1. Which members of the range 86-99 meet the condition of being within 16 Å of Val175 (Cβ to Cβ) and surrounded by fewer than 18 Cβ atoms within 10 Å (Cβ to Cβ)?
2. Yes or no: the range 158-171 includes at least one residue that is in the same structural domain as Leu48 (by TED's automatic domain parsing), acidic (Asp, Glu), within 17 Å of Leu96 (Cβ to Cβ) and part of a strand (DSSP E or B).
3. State yes or no: is Leu72 surrounded by 13 or more Cβ atoms within 10 Å (Cβ to Cβ) and part of a strand (DSSP E or B)?
4. When residues of the range 139-154 are filtered for being surrounded by fewer than 19 Cβ atoms within 10 Å (Cβ to Cβ) and within 8 Å of the chain's Cα centre (by Cα), how many remain?
5. Which one is nearest to Ser39 (Cα to Cα) among residues in the range 129-150 that are in contact with a strand residue (DSSP E or B) (Cβ under 7 Å, 6 or more places away or on another chain) and assigned to a helix (DSSP H, G or I)?
6. Collect the residues in the range 71-85 that are over 22 Å from the mean Cα position of the chain (by Cα) and not β-branched (Val, Ile, Thr), keeping them in residue-number order.
7. Is it true that some residue in the range 104-118 is at pLDDT 95 or above, surrounded by fewer than 19 Cβ atoms within 10 Å (Cβ to Cβ) and not hydroxyl-bearing (Ser, Thr, Tyr)?
Amino acid sequence: MTNKRLFLCIMLKSWLFLGLIFSIVVISACQKSEVYDESSQFVKDEELIKKWLDSTKIPMLRDNNGVYYQILAAGTGTESIELNDSLNVLYAGRLLRFGSLTADTSSFSRTTDTATYKFRLKNVMPGWQYGLPLVKQGGKIRLLIPSPLAYKDYTVTGVPPNSVLDFTIDLKKVVK
């Protein structure tokens, strides 16, 4: 085999190899990642919550946004809570686990009796924005929050994606 023919053979193999690599890159770039389907996830979460409520017999109501709530104490405040209000609360957040009809007894997040969580209502998850105005200052509420109204499909420390959250919140103070 001559040097020229050997050179052409090597070049042809190189071009075929590069073409193969290019094709793989193009095909993999065209594949779409799974898109978060909020309405589908809402249906799954709703089904889980209903099963959990049926098994525990805990009386909870559902608001128009999909948050389930149980008012443990209405509170004695006189003004309605608005999105721009600052709130001080004590809370415990637990997971309502998928595939299990029992609540996780451990908290993924909680305050202590001496350190309240202070925040502006408009800066927290939609589930809290919908649920907390249902009580007044001094009130206490339990919320079951579907994942689209919480952390959605994001991973948060101690909370897997698409988790239904179970909060007990004691509203200590409302600042207008």
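1. If the condition is that a residue be within 16 Å of Val175 (Cβ to Cβ) and surrounded by fewer than 18 Cβ atoms within 10 Å (Cβ to Cβ), then Ser86, Asn88 are the ones that fit.
2. Looking through the range 158-171, at least one residue is in the same structural domain as Leu48 (by TED's automatic domain parsing), acidic (Asp, Glu), within 17 Å of Leu96 (Cβ to Cβ) and part of a strand (DSSP E or B).
3. Taking the combined requirement at face value, the residue satisfies it.
4. 4
5. Residue satisfying both the conditions and the ranking: Ser147.
6. Leu72, Ala73, Ala74, Gly75, Gly77, Glu79, Ser80, Glu82, Asn84, Asp85
7. Within the range 104-118, one or more residues are at pLDDT 95 or above, surrounded by fewer than 19 Cβ atoms within 10 Å (Cβ to Cβ) and not hydroxyl-bearing (Ser, Thr, Tyr).
The values are calculated or read from the model by the stated rules, or taken from the named source; none is laboratory data. Predicted model only: the values in this text are computed from it and were never measured. Positions of Cβ are backbone-derived with ideal geometry, glycine not excepted, and every protein chain shown enters the neighbour counts.
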